[in-house]
Structure formats: C-alpha cells, structure tokens
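Please read the structure below before turning to the comments.
The values are calculated or read from the model by the stated rules, or taken from the named source; none is laboratory data. Because the structure is predicted, anything quoted here is derived from the model rather than measured. Cβ sites come from the backbone with ideal geometry, for glycine too, and all protein chains shown count toward neighbours.
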Ligand code: SAM
C-alpha cells in the first residue's frame, strides 16, 4: 500500500514551506490539489513536476474512492494539498483521511502553515486554551445563533472570515459578545498588507467600517474568551433574552437583575436593543 501525505503549503508567502514538504511533493507519484491551477504557481516556483489531480469539495466523495484505489491497489504515494495552509483545516480532505485510516493505510502529516495558528500566536489574545470555530454560517440568523452559543465560552475563540462577510460578522460579535470584549483582527497574514490589530470588538468594527482597504483580503478573528467578570454580565443578558419571550421588558430586566446581581441600568439598554433587533427569539 502507498502512503497518503497531508502536506501543509504557504498561506501567502511562497517561501513558507518546509524542506520536508518540498521533498515529499517532488517524490510522490501524485498530488491531489484543491485547485490544480492555483497550486501550479507554487509547484512551478519550486520546479516540481509531479502529476496533479483535482480534489475539492465538489468531487470529494468520488475522487476519494479513486485515490484510495491508487493507494491500495497501485501502491502509489499521494500528497494531499489545499489552496493554502493545512489541508482539512476548513478545507477538503476529511473523507479521504477517514477512509484511509479505516483501511489501515499509512497517513503521514507534513506540518506547516495554518492561518489559525499563525494568527493566534501573533494576536496578543491568550493562547493558553482556544477553540477553533472555522467559518461562521453565511446566513445572518444562523451566524447569530452560533455566536450566542459561544457567549460564555471561557477559551479564546478563533474564526475564519472572508472579505464579503467580515463587517457583518464583526457587527454580530459586538452585539452578542459585547462591545468591550478584546479581540484581534488579523488580515492577509504573510502577505504585503499583513495587519494584526488588537483592540475591543467595538473599535475593531469602527476601524474596519471606516477604511475600505481594511475590508479587503482574508481574515482571522481571534476573540478573548468570556472571563468571570464578564460571565455575570453575559449571564444577565442571556436571562434577559429568554425572559423577553415571556414577560414585559421591565419585568425581564428586573428579574434578570435579581437573579444575577447585574445592575438594572446595565441590562435595560441591552433589553431595548434585543427587542428592536428581535434577538430574543432563539434564546442562547
Ligand atoms: N487550510 C487553511 C489553513 O490552514 O489556514 C484555511 C483554508 S480556509 C478555506 C481559508 C480561510 O483561512 C480564509 O478565508 C481566512 O479566513 C483564512 N486564511 C487563509 N490564509 C490567510 C491569510 N494569509 N491571512 C489571513 N487569513 C487567512
């Protein structure tokens, strides 16, 4: 049986590739690439002429079968790469790796760049414990629901985001995590316009809204987890949202304040906001 190599490639700067990755890409029989035209640039840069086939989310199931056959019956060694960074990290590959493992095949990771890790370690937000959330839903309602479920998460949160949705996602984060939560907005890592800004969510949104340039490129958002000081306030807000479905705004604020000890005036403006934005519908 051949070996399946999971090879990390650059997330921007072409020189961010390991010597081992280059050796493997040169020596395998086949490279399965997310977009063969995109990867050609990298392979040409390093003079790699290994045959390439496409393996992406639209042909993943069919192509996995063909690749497993090549590995098993033909004994071919295959390298899986994605357009950027580490395959399977918000990229295709899981079906192939799972099937290969079930067939007792050798799967070897060739570690290297990953936008989440690069962003996190330069973010200034705690790296002690973190949760990789990948992409939020593109649908506003679902995205808000996903964020609400993370309100009390104490670990650092890492999100991927595209230029099309960065503003809406930041707006939702301000509303749901609170304007003062610390976060880092990381853009275009390892590229010419690399930017890493640590500030409150509110300030990050403000800057991004006002600068068109700041809305371009690829993003990672790293958000501080919910700390005990915030937990009480977040719990107060969560209870307000639930109660708003059942009782008047005044009663929701009074009860939430009695339960959590958070001052009524802190909860009142939030309750008004929830009511105008219909934020109470789904609860947490
Ligand atoms: N597999 C990749 C990895 O290991 O990071 C991620 C692939 S995912 C389809 C693409 C997303 O990763 C982008 O939308 C962005 O959120 C993030 N990303 C990739 N390259 C980036 C970069 N150079 N700077 C900032 N974010 C990046």
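Quick grid of which residues meet (1) over 29 Å from the mean Cα position of the chain (by Cα); (2) in the same structural domain as residue 21 (by TED's automatic domain parsing); (3) closer than 25 Å to residue 218 by Cβ:
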| site | (1), (2), (3) |
| --- | --- |
| 53 | no, yes, no |
| 66 | yes, yes, no |
| 76 | yes, yes, no |
| 97 | no, yes, yes |
| 109 | no, yes, yes |
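Got a number for residues in region 51-82 being free of Cβ contacts under 8 Å to residues at least 60 places away in the same chain and either out of contact with any strand residue (DSSP E or B) (no Cβ under 8 Å at 6 or more places or on another chain) or farther than 29 Å from residue 116 by Cα (or both)?
14
Hey, which of the helices (runs of 4 or more DSSP H) in region 194-275, taking only ones fully inside, have at least 3 residues that are surrounded by fewer than 22 Cβ atoms within 10 Å (Cβ to Cβ) and touching a residue at least 40 places away in the same chain (Cβ under 8 Å)?
Working: elements: 201-210, 228-244, 249-260.
Ranges flagged: 228-244.
Of all the residues that make up region 90-109, how many are within 13 Å of the ligand (Cβ to nearest atom) and either touching a strand residue (DSSP E or B) at 6+ places or on another chain (Cβ under 7 Å) or touching a residue at least 40 places away in the same chain (Cβ under 8 Å) (or both)?
Of the residues in that region, 5 qualify.
Of everything in region 166-191 that's within 15 Å of the chain's Cα centre (by Cα) and closer than 30 Å to residue 15 by Cβ, which residue is farthest from the ligand (Cβ to nearest atom)?
Among those that are within 15 Å of the chain's Cα centre (by Cα) and closer than 30 Å to residue 15 by Cβ, it is 183.
Being touching a helix residue (DSSP H, G or I) at 6+ places or on another chain (Cβ under 9 Å) and within 12 Å of the ligand (Cβ to nearest atom), is that true of even one residue in region 118-128?
Checking region 118-128: not a single residue is touching a helix residue (DSSP H, G or I) at 6+ places or on another chain (Cβ under 9 Å) and within 12 Å of the ligand (Cβ to nearest atom).
Pick from region 151-163 the residues that are at pLDDT 95 or above and more than 9 Å from the ligand (Cβ to nearest atom): which of them is farthest from the chain's Cα centre (by Cα)?
Among those that are at pLDDT 95 or above and more than 9 Å from the ligand (Cβ to nearest atom), it is 155.
Can you name the number of the only condition in (1) buried (at least 17 other Cβ atoms within 10 Å of the Cβ); (2) near the ligand (Cβ under 9 Å from one of its atoms); (3) within 19 Å of residue 185 (Cβ to Cβ) that residue 136 fails?
(2)
Run down 187, 165 and say which single residue is in contact (Cβ under 8 Å) with a residue 24 or more places away in the chain, over 22 Å from residue 122 (Cα atoms) and assigned by TED's automatic domain parsing to the domain that holds residue 120.
165
Residue by residue, here is whether (1) within 16 Å of the ligand (Cβ to nearest atom); (2) within 26 Å of the chain's Cα centre (by Cα); (3) part of a helix (DSSP H, G or I); (4) in contact (Cβ under 8 Å) with a residue 60 or more places away in the chain holds:
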residue	(1), (2), (3), (4)
1	no, no, no, yes
6	yes, yes, no, yes
11	yes, yes, no, yes
23	no, no, yes, no
42	yes, yes, yes, no
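Anything in region 27-40 that is assigned to a loop (DSSP other than H, G, I, E, B) and within 15 Å of residue 91 (Cβ to Cβ)? List them, or say none.
Kept after step one, since they are assigned to a loop (DSSP other than H, G, I, E, B), are these residues of region 27-40: 28-29, 34-35.
Correct list: 34, 35.
Only one of 245, 234 is under 12 Å from residue 178 (Cβ atoms), out of contact with any strand residue (DSSP E or B) (no Cβ under 8 Å at 6 or more places or on another chain) and outside the structural domain of residue 171 (by TED's automatic domain parsing); which?
234
Filter region 139-150 down to residues that are within 16 Å of the ligand (Cβ to nearest atom) and either surrounded by fewer than 19 Cβ atoms within 10 Å (Cβ to Cβ) or not assigned by TED's automatic domain parsing to the domain that holds residue 208 (or both), then give me how many there are.
Result for region 139-150: 1.
Being outside the structural domain of residue 87 (by TED's automatic domain parsing), within 11 Å of the ligand (Cβ to nearest atom), at pLDDT 95 or above and out of contact with any strand residue (DSSP E or B) (no Cβ under 8 Å at 6 or more places or on another chain), is that true of even one residue in region 207-223?
No, that holds for no residue.
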